[in-house]
Amino acid sequence: MVSMDRPLLFMPSVRLCVSDLQEEGKNAINAPMNPSTMDIHPEDTLLEENEERTMIDPNSKEDPKFKELIKVLIDWINDVLVEERIIVKQLEEDLYDGQVLQKLLEKLADRKLNVAEVTQSEIGQKQKLQTVLEAVHDLLRPHGWTIKWNVDSIHGKNLISILHLLVALAMHFRAPIRLPEHASVQVVVVRKREGLLQTAHVTEELTTTTEMMMGRFERDAFDTLFDHAPDKLSVVKKSLITFVNKHLNKLNLEVTELETQFADGVYLVLLMGLLEDYFVPLHNFYLTPESFDQKVHNVSFAFELMQDGGLKKPKARPEDVVNLDLKSTLRVLYNLFTKYKNIE
């Protein structure tokens, strides 16, 4: 029986095997039909027959949208777990064992998972990861999410799987973040067929459009306006500014920038009071909101007032308005304009 504590340097036959496989992998990757400048590690070529492994093309890691996606997700995780004093710096190294994922899910779902707090062994880590992922799947599957990860891929530090998981969690829990649209990565897939390594290059899409990720598939006039008639956008904005100022001027308030001045929700709340002719008690909202959560509270409260006034639930998310998403803000204001444009 060979001791696993002995270094491979003293095992010539194993070293030769690894060397041969490494050379085989490089030859396959650099074949004329499959050009690539990737460095193949020995562990990436130790494949069983018909087994496959995926690797990110290093050039893809420099793509601005890919880098932005990683940064936004890391910042989001750290914001959620700030009270746990957990700081994530690298997704693959910090999330593979299930510890951070456990804390993240518990915080997002407001529930406690029945898992060991600290697990050092690989078996213990995978057991914890299995429990965490089962809880994730129970949340996501009823909503039609496609599961693109598993215990082995997460524990194996597969960055693509980890990104798919985090994007799904961020969308499901309506995270107050803006993911870059159409972020993708070039992937090299290595397969072993009849003893030989074969490679293929594919594009893995990590995000789509914000609206599709949020489940808003039905396009409306504003989609058309932004996509096909941006020149008319200034006309629409001017009309809406005239409309809101007609009422906000009664409180000596004036709007000049739609995307910024409604982002904290204060003007939305006050506008609803003016349109429906009632006083909104100050204790119901934050007159001078300081945090993101306080701004989201204000916009959400304004949405409730709109529904109380007979309007349908706004298509936009409160977080989108707070995040200065112009299209979302215009949708909300246009709905108000449609109903109240004739009110003096």
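Quick check: net charge around residue 176, other residues with Cβ under 10 Å of its Cβ, Lys/Arg +1 and Asp/Glu -1?
Working: positive: 174, 178, 295, 317; negative: 79, 293, 319, 320.
Taking every Cβ under 10 Å from that of residue 176, the sum is 0.
By how many nm would the segment from residue 114 to residue 146 lengthen if fully extended, with 0.36 nm per residue of separation less the alpha-carbon distance?
On the way: separation 32, 0.36 × 32 = 11.52 nm, distance 2.51 nm.
9.0 nm is the gain from fully extending residue 114 to residue 146.
Could you calculate the contour length gain from residue 252 to residue 75, that is, 0.36 nm times the residue separation minus the distance between their Cα atoms, to one decimal place in nm? Working shown, then result.
Working: separation 177, 0.36 × 177 = 63.72 nm, distance 3.87 nm.
Here the segment from residue 252 to residue 75 would lengthen by 59.9 nm.
Once amide H atoms are built 1.01 Å from N in the peptide plane, which residues 5 or more positions from residue 206, or in another chain, come under 5 Å H to H?
The list, which skips near neighbours in sequence, is 183, 184, 185.
Within the range 100-133, report the trypsin sites (Lys or Arg not before Pro) that DSSP leaves as loop and that have at most 11 other Cβ atoms within 10 Å.
Values: sites: 103, 107, 111, 112, 126, 128; in loops: 111, 112.
Counting only loop positions with at most 11 other Cβ atoms within 10 Å, the trypsin sites (Lys or Arg not before Pro) in the range 100-133 are 111, 112.
What FRET efficiency comes out for residue 93 versus residue 259 if R0 is 30 angstrom and r is the Cβ-Cβ distance? Round to the nearest 0.05. The partial results should precede the final answer.
Numbers: r = 38 Å, r/R0 = 1.26.
FRET efficiency, residue 93 to residue 259: 0.20.
Just to confirm the filter: which trypsin sites (Lys or Arg not before Pro) across the range 309-344 are DSSP coil and have at most 14 other Cβ within 10 angstrom of their Cβ?
Details: sites: 312, 315, 327, 331, 339, 341; in loops: 312, 315, 341.
Here the trypsin sites (Lys or Arg not before Pro) that fit, given the DSSP loop and packing criteria, are 312, 341.
Between residue 65 and residue 242, 0.36 nm times their residue separation minus their Cα-Cα distance comes to what?
Taking 0.36 nm per residue and subtracting the Cα distance, the gain is 60.0 nm.
Take 96, 278 and sort them by solvent-accessible surface of the protein heavy atoms, 1.4 Å probe, largest at the top. Display every interim value, and only then the final one.
Numbers: 96 50, 278 85 Å².
Ranked from most to least accessible, the order is 278, 96.
What are the ³J(HN,Hα) couplings of the range 57-65, residue after residue, when phi is run through the Karplus curve with 6.51, -1.76, 1.60 and θ = phi - 60°? Round to Hz, x for glycine and proline.
Ordered by residue, 3J(HN,Hα) equals 5, x, 4, 5, 5, 8, 5, x, 5 Hz.
Kindly rank 77-87, 175-185, 157-167 from highest to lowest mean number of other beta carbons found within 10 Å of each residue.
Details: 77-87: 13.9, 175-185: 16.9, 157-167: 21.4.
Packing proxy ranking, top to bottom: 157-167, 175-185, 77-87.
Run the reach check for residue 246 against lysines, Cα to Cα strictly under 26 Å, same-chain hits fewer than 8 apart removed. What comes back?
232, 237, 238, 295, 312, 313, 315, 327, 339, 341
For the range 83-156, what is the relative contact order in percent, using Cα pairs closer than 8 Å and at least 6 residues apart in sequence?
On the way: 50 pairs, mean separation 25.5, N = 74.
The value is 34 percent.
Using a 10 Å cut-off on Cβ atoms, rank the peptides 317-325, 64-72 from the highest mean neighbour count down.
On the way: 317-325: 21.6, 64-72: 15.9.
Highest to lowest by the protection proxy: 317-325, 64-72.
³J(HN,Hα) across the range 298-311 via Karplus (A = 6.51, B = -1.76, C = 1.60, θ = phi - 60°), whole Hz, x for Gly/Pro?
Result, ordered by residue: 4, 5, 4, 5, 4, 4, 5, 5, 5, 5, 4, x, x, 7 Hz.
In whole Å, what is the distance between the alpha-carbon centres of the range 129-175 and the range 63-124?
12
Can you tell which of 283, 263, 299 lies farthest toward the positive end of the dipole of the range 253-305, using +1 and -1 charges on the Cβ of basic and acidic side chains (Lys, Arg; Asp, Glu)?
Comparing the listed Cα positions along the dipole, 283 ranks first.
Taking the Cα centre of the range 90-189 as the origin, how large is its charge dipole in debye, to the nearest 20, when only Lys and Arg (+1) and Asp and Glu (-1) carry charge on their Cβ atoms?
Values: 11 positive and 12 negative charges, 63 e Å.
For this selection, approximately 300 debye.
Excluding residue 186 itself, calculate the net charge of residues whose Cβ lies under 13 Å from the Cβ of residue 186, where each Lys or Arg counts +1 and each Asp or Glu counts -1. Don't jump to the answer; show the numbers that get you there.
Working: positive: 61, 65; negative: 57, 62, 63, 204, 205.
Taking every other residue near residue 186 into account, the sum is -3.
Relative to the Cα centre, what is the charge dipole magnitude of the range 239-344, using +1 at the beta carbon of each Lys and Arg, -1 at the beta carbon of each Asp and Glu, and rounding to the nearest 20 debye? Please list the in-between numbers first.
Details: 11 positive and 14 negative charges, 92 e Å.
Magnitude of the dipole: close to 440 debye.
Which ³J(HN,Hα) values in Hz, rounded to whole numbers, follow from the phi angles of the range 277-287 under the Karplus curve 6.51 cos²θ - 1.76 cosθ + 1.60, where θ = phi - 60° and Gly and Pro get x?
Running phi through 6.51 cos²θ - 1.76 cosθ + 1.60 with θ = phi - 60° gives 6, 8, 8, 8, x, 5, 6, 7, 8, 9, 5 Hz.
The values are calculated or read from the model by the stated rules, or taken from the named source; none is laboratory data. Keep in mind that what you see is a predicted model, and the values were worked out from it rather than measured. Heads up, the Cβs are rebuilt from the backbone with ideal geometry, glycines too, and the neighbour counts pull from every protein chain shown. Side chains included, ligands, DNA and RNA excluded: accessible areas come from the protein's heavy atoms. Shrake-Rupley method; radii C 1.70, N 1.55, O 1.52, S 1.80 Å.
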